[in-house]
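Visitor: Take this structure, written in structure tokens, and hold onto it; I'll ask about it next.
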């Protein structure tokens, strides 16, 4: 279960709430982090293929768009964990 650390958040309005992990959601969070790491590696390979200038083929651009969407989905899923 995820919950906000209200003590921390209540004291510091400018600091975003902390994510608290428990044994119940540990595996789900670890899997999401592994997925994010794998996606980041794939994005890094795309960048390297571009010659580090940001020019990609249409196929690579489509793949990057899908990878970025998947990273966004992972972030949303992490926020919804309960």
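Visitor: What nm distance separates the two modelled labels at residue 39 and residue 57, each placed 7 Å from Cα along Cα→Cβ?
Guide: For the pair residue 39/residue 57, the computed spacing is 2.4 nm.
Visitor: Another question, then. Taking the beta-carbon count within 10 Å as an exposure proxy, list 43, 68 from fewest neighbours to most.
Guide: Starting with the residue having the fewest Cβ neighbours, the order is 68, 43.
Visitor: Separation between the residue 50 and residue 78 pseudo-spin-labels, each 7 Å from Cα along Cα→Cβ, expressed in nm?
Guide: Computed distance between label sites residue 50 and residue 78 equals 2.2 nm.
Read the figures in this text as sums done on the coordinates, not as results from a lab. Everything numeric in this text was worked out from a predicted model, so none of it was measured. As a convention, Cβ positions derive from the backbone with ideal geometry for all residues, glycine included, and neighbour counts pool all protein chains shown.
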